[in-house]
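Colleague: First, the structure itself, so that you have it in front of you.
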Amino acid sequence: MDIMKFLFILINLILLNNIALATEPHNDDLTGKNLICFNDSYSIDDWGVKFLKDKIVILYSLDKSMYEIYQYKRKYRTDLRNILITKDKIIEFIINRSRLILSNKKCKLVNGDPLILLQNRIKFLRTEKKEGNKI
C-alpha cells in the first residue's frame with residue numbers, strides 16, 4: 001500500500017510540475033510593436049500603446065479637453081483572440097487582435113513612438129480648434 005501512495009504522489013508531482021511550466025501557446029512577445037488609437041470625438045481619449053520587453057506595456061492616454069498625456073505602465077499577455085493588459089494580475093484592458101479594437105477606439109499598428117504621435121495630435125487638435133473659432 002505504501003508503494004501505491006508513493007506512486008500516486010510522484011505522478012501528481014510530475015503532473016503539477018508540467019502544468020506549472022506550461023505556457024499559453026498564443027502568448028506572443030509583442031516587443032517593439034506600437035499602436036495608436038484615435039477617436040474623432042473630443043470627449044473620448046486617444047490612446048497610444050508601446051510594447052516593451054519582458055511583457056511590459058506602456059499606455060498613453062490623451063485627454064483632448066486639457067491637452068494632457070497620461071502614462072501607465074502595465075503587464076500584458078496574449079491569447080488566440082486578445083491582448084490582455086493587466087494591473088496587479090487583474091485585466092484592465094482588452095485589445096482584440098484581429099480588429100485592433102481597444103474599448104471604443106480603432107487602433108492601428110504604427111512605426112513611430114506613440115508618445116510623439118500623441119504630442120503631434122495635440123498640435124493638430126489645437127490648430128483645428130483655432131481654425132474653427134475664426135469668424
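Colleague: Go through the residues of segment 37-50 one by one and say whether even a single one is assigned to a strand (DSSP E or B) and surrounded by fewer than 16 Cβ atoms within 10 Å (Cβ to Cβ).
Modeller: Checked segment 37-50: no residue is assigned to a strand (DSSP E or B) and surrounded by fewer than 16 Cβ atoms within 10 Å (Cβ to Cβ).
Colleague: Output the number of the condition that Q119 fails; it satisfies all remaining conditions of (1) within 15 Å of the chain's Cα centre (by Cα); (2) at pLDDT 95 or above.
Modeller: So Q119 meets the others, but not (1).
Colleague: Inspect all residues belonging to segment 63-78 and state whether any of them is within 30 Å of K123 (Cβ to Cβ), of a type in the set (G, A, S) and touching a strand residue (DSSP E or B) at 6+ places or on another chain (Cβ under 9 Å).
Modeller: No, segment 63-78 has no match at all.
The values are calculated or read from the model by the stated rules, or taken from the named source; none is laboratory data. Remember, it's a predicted structure, so these values are computed and weren't measured experimentally. Virtual Cβ from ideal backbone geometry, glycine too; neighbours counted across all protein chains shown.
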